[in-house]
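The values are calculated or read from the model by the stated rules, or taken from the named source; none is laboratory data. On a predicted model such as this, the values are computed, not experimentally measured, just so you know. All Cβ positions, even for glycine, are placed from backbone atoms using ideal geometry, and neighbour counts span all protein chains on display.
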Amino acid sequence: MNWRVYILAVTTFAVGLVELIVGGILPNIAEDLHVSLATAGQLITIFALVYAISAPVLLSLTAKVERKRLFLISLLIFTLGNLLTFFSTTFLTVMIARIFTAMSTALVIVLSLTITTRIVAPTHRAKALGLVFMGVSSALVVGVPMGIFITEAFGWRAVFLGISLLSTISMILIALLLERMPIGEIVPLKTQLKSLGNLKILTAQLTTLFMLAGHYVLYAYLTPFLVEAFDMGASWISICYLIFGIASVSGNAIGGWVSDKIGTSKALIVIVSIFALVLFTIPYTTIAFPLFLLFTVLWGALSWALTPPLQSYLIQADPKSSDIQQSLNTAALQIGISIGSAVGGAIFAVTASAMHLASFGALFVLCALGCIIFSIKRAPITQEQTLNYPSAQHHSS
């Protein structure tokens, strides 16, 4: 396997930190910038929303830019955005910086994946892509706990300075060691959106959106929840995030295993149903910390268990547009995050409590359950319905 893939994995780790790390240090940001926790939580909302819009739009707008050059430009903007966060003195400045880092993150992650497919042999492609995805999942596992520890020692701004240093190192390595990349064929945005005209596909994508919305109603405000429920200090909060992160990464394997055992459709219904039940139950597990920890592991594992069977389902539902569906599924995921964190912030602002956010999140997950049942019951997509979609092999960027 091409050793340059490891550089791309480190890069995705660096940019993956930015979105995930804010949730663990929200109270510190809110206090320093003199805003409420609910307001600070919108930093997660705006990032996810801009990311979702930027990924397909910016790829279409930059279709004629050489890939290595675009990669370096994106990393430079990402680095400057984090430096702007480090030096910012107002919440508005931080919000503007989040917009720029979200746009650049969207491009960096997509380009990392597409470049990986070009620099490795087909026989090593799956392993290489798994390694790049591991960069993002590693950011989930160690990013938030690491951010909490750094914040306690040096302040929350130091977190973003550290991320900018990581991205600078990645930028130098890519500039020196990665060859120029020819421009591949880009699927027009109009064509991508056209695939959502089929209700079977649309409701499958909405399953991801509602699932992540329900998840982030609580997850975006997990730190204030832990403080309110258990009066936790920074060390225990970081441990909880670490446990949650490890469980989340394992969820990918669990989702794939369940899908293989009982079939894709049944796996989707089972995973979404149990996830709704777990979220409904979480507020009532705070009577005993070990019980809460058990449900936190279930929550974390199920939050990512949906991905393998749903990706498989989208491919089975419409093989001709499977590449487009993967791109749109990422957008649906980010929109779900933005909706969930926004709703969680609104509820938190009104109630001044994080205790029952999970119950509200479960309502979104029930919507996801309705969507996937509707999608499964729809008739299979016919060959005629897919004739206008480009083949997956052409969607290389």
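Laid out as a table, the results:
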quantity	calculated
Whichever residue in region 251-296 is without any contact (Cβ under 8 Å) to a residue 24 or more places away in the chain and among the aromatic types (Phe, Trp, Tyr) and, among such residues, is surrounded by the most Cβ atoms within 10 Å (Cβ to Cβ)	Phe295
Hey, Thr203 closer than 19 Å to Lys377 by Cα and touching a helix residue (DSSP H, G or I) at 6+ places or on another chain (Cβ under 9 Å) or not	yes
Flag for Ala354 being modelled with pLDDT under 95, surrounded by 19 or more Cβ atoms within 10 Å (Cβ to Cβ) and farther than 27 Å from Ala106 by Cβ	yes
Failed item, numbered, when Val35 is tested on (1) over 26 Å from Arg125 (Cα atoms); (2) hydrophobic (A, V, I, L, M, F, W, C); (3) assigned to a helix (DSSP H, G or I)	(3)
Count - residues of region 48-68 that are in a helix (DSSP H, G or I) and in contact (Cβ under 8 Å) with a residue 60 or more places away in the chain	12
Residue ID - farthest from Val110 (Cα to Cα), chosen from residues in region 60-87 that are among the hydroxyl-bearing types (Ser, Thr, Tyr) and buried (at least 18 other Cβ atoms within 10 Å of the Cβ)	Thr85
Test: residue in region 103-114 that is touching a Gly at 6+ places or on another chain (Cβ under 8 Å), farther than 12 Å from Thr12 by Cα and modelled with pLDDT of 95 or more	no
Some residue of region 324-334 being of a type outside the set (D, E, K, R), part of a helix (DSSP H, G or I), modelled with pLDDT under 95 and closer than 21 Å to Thr223 by Cα	yes
Residue that is assigned to a helix (DSSP H, G or I), under 21 Å from the mean Cα position of the chain (by Cα) and β-branched (Val, Ile, Thr), where the choices are Thr101, Thr93	Thr101
Qualifying residue in region 123-131 (condition: crowded, with 21+ Cβ neighbours inside 10 Å and free of Cβ contacts under 8 Å to residues at least 60 places away in the same chain)	no
Which listed residue is surrounded by 23 or more Cβ atoms within 10 Å (Cβ to Cβ), touching a residue at least 40 places away in the same chain (Cβ under 8 Å) and in a helix (DSSP H, G or I), from Thr168, Thr203, Thr151, Thr207	Thr207
Residues (of a type outside the set (Asp, Glu), in a helix (DSSP H, G or I) and surrounded by fewer than 21 Cβ atoms within 10 Å (Cβ to Cβ)) located in region 227-237	Val227, Ala229, Phe230, Ala234, Ser235, Trp236
